[in-house]
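Q: Just dropping this structure here.
What follows is calculated from the coordinates using simple rules that are stated; it is not laboratory data. Remember, predicted model here, so these are calculated numbers, not experimental data. Positions of Cβ are generated from backbone atoms using ideal geometry, with glycine treated the same way; all protein chains shown enter the neighbour counts.
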Amino acid sequence: MIAFDGMALIFAIWASYAIRFSIWTPAITSERLILAVLAPVAAIPVFIRMGLYRSVIRYLPEAAIWTILKAMLIATMSWVIIIFLMEMAGQGIVPRSVPFLYFVLGTLLIGGIRFAAKWVLVSGTGLRRDEEPVFIYGAGPTAAQLARALKGHGNRYVMGLIDDDPANQGRDIGGYRVFPSGDLRSLIERYGIKEIILSMSAIPMAKRQAVVAHVTELGVKVRSLPDISDLVDGRYIVSQIREIEIDELLGRSFVPADKELLDQALTGKVVMVTGAGGSIGSELCRLIVRRKPEKLILFEASEYALYRIEQELLAFGEPPVVPVLGSVTDAKTVERAVRSHGVQVLYHAAAHKHVPLVEANVLEGIRNNVFGTLTVATVAAEQKVESFVLISSDKAVRPTNVMGATKRWAELIVRQRATEARAKSQGQVFCAVRFGNVIGSNGSVVPLFKQQIAKGGPVTLTDPDMTRYFMAIPEAAELIVQAGALSVGGDVFLLDMGEPVRIGDLAENMIRLAGFQVRNSRNPDSGIAIEVIGKRPGEKLFEELFYDRNNARPTRHPKIMRADSAAIAGYDMSAWLRDLEQAILAEDEEQARKILFALITADELPEQTVAHG
């Protein structure tokens, strides 16, 4: 490049004289020859200093033209100084227009050849055999930048941009034609499109959902590009293209976390999480370490899960992370962990949550979910833990299965501990946070559907009309911590889960997001089938978050509501727990189930005071 630039500048001087004198062969004198040699001698150091030889031509940005202009201007001024000194020494006169022509021609040659080389390197002859044609949905700056970045990377070839704005349709943006979204189906057939990349992070969520729903019906794979402001500087945009996640179709509006509430709950505190290796527990731990607690205690019964989350959190460096291997039903282990580390905040996430498994293992489900909660809450009360937060479930509302019933018992146990703590006026706070399914959690339907789709189907449903609430795990963890900070004791907090999702629609959307069609009566020969296998024992057709929605009161956080807990003070939980414990010790599953649901039946009316009888 240095050699080329040197020859190009000498040619620019010759051409400048030729243009000035309007002849193809201007006379070559010794003075002109010296000036021609000195021009690149003066320019090359300037070019080096300005970074013209550091840039990789393939990735040369358009903004580099300004650097070339500045470098050429400085080089021309340096050459003019040399001309002035030679004229002072009586070495001849240079026409005043020659330096100007030299600047213009030199800029065109130095800049033009670089951008011409870049165009040759990144363009090529069109669609190669190993390239797949794609469309980019969106016509903003990010879409144009993505289209340019995709050139020469991987096996995608951008055929054009898709946009809903009539002002953009039919125009070229960044060298790519913008097509109307209404023509998308015919365009897919015409160009054999296999993938559409969404570049729409700036548009409202409602419109984004409508676009995703429309595109997924076309039988192509859909991917998404995050907001360019969220990408780390220096990363290739191409590597940030990701699969569309199902939570982008759930219609949930994002509310940023209240950092004041997070800091109030966690910063400088000794925090313990039971079930630290589970889906919710591990996400809570990740959130906690970022808020700089004094210490984080990981309490987990699974050795592998504990090892995995400990290794992940140790990468943060601080705060100190202490792993404790043990069961929440072991009172001595729980008490030792809380007492020896001086735990101030305790999140109780340990539970058996898989409905069919708990239904098939009633005694273990009760032992872990009910008496495990009783053990941890009792230790927390005795050791004067400042804040105790139970992770509950929407299945605790009018439960029809053992898992939901045990969670309702856990809520009542925590309420009783809250009442006792309030009576002692020791400043302890006990509360529960109730929400629905989290996407991607252990035992969730979403990972199961993904596995079945990856194997080519069929996707199995218990009932296509079944509805469930869904929430992303990181959002759930943030809301749990914020709810705990809002508690005044005895609260049951309800997280706003948005609208319930029909499971049949969820399955169909996931199949389409993966780039397949749904095999049904309209399309019997291709795609992935959906198979209905019937409801499993204990499953409800729909879940609820409220016993009575009218009794739910708002809090300072728009996604967190507080249930009315005034009625719980009259519950005589001790006698119920004694009877349930006797059934567990006698391994009488039928009696244990009977007692479990007897309290639930009496609890159907939240304003009713229930006594053991």
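Q: Once you list every other residue whose beta carbon is under 12 Å from the beta carbon of Q169, what net charge do they have if Lys and Arg are +1 and Asp and Glu are -1?
A: Every neighbour counted, the sum reads -3.
Q: Give me the net charge for the shell around A592: Cβ to Cβ below 12 angstrom, other residues only, Lys and Arg +1, Asp and Glu -1.
A: For residues surrounding A592, the net value is -4.
Q: Now, a different point. What distance in nm separates the two pseudo spin-label positions at E589 and I28, each 7 Å out from Cα along the beta-carbon direction?
A: Using points 7 Å along Cα→Cβ, the separation is 10.2 nm.
Q: Okay, next question. Report the chymotrypsin sites (Phe, Trp or Tyr not before Pro) located in the range 1-82 that are in a DSSP loop and have at most 10 other Cβ atoms inside 10 Å of their Cβ, or state none.
A: In loop regions of the range 1-82 (DSSP not H, G, I, E or B), the sparsely surrounded chymotrypsin sites (Phe, Trp or Tyr not before Pro) are W24.
Q: Let me ask something else about it. From Cα pairs below 8 angstrom and at least 6 apart in sequence, can you work out the relative contact order of the range 2-122, rounded to a whole percent?
A: 39 percent
Q: Same structure again: Between I65 and K194, what is the FRET efficiency for a Förster distance of 56 Å, r being their Cβ-Cβ separation, to the nearest 0.05?
A: Using R0 = 56 Å, I get an efficiency of 0.95.
Q: For the range 310-402, what size does the Cα cloud have along each of its three principal axes, sorted from largest down, in whole Å?
A: Rounded to whole Å, the extents work out to 43, 32, 22 Å.
Q: Would you mind checking K259/K424; K194/K455; K407/K450 for any pair whose Cα atoms are more than 22 angstrom apart?
A: In this structure, K259/K424; K407/K450 exceed 22 Å between Cα atoms.
Q: Lys and Arg at +1, Asp and Glu at -1: add these up for the other residues within a Cβ distance under 15 Å of Q344 and post the number.
A: +2
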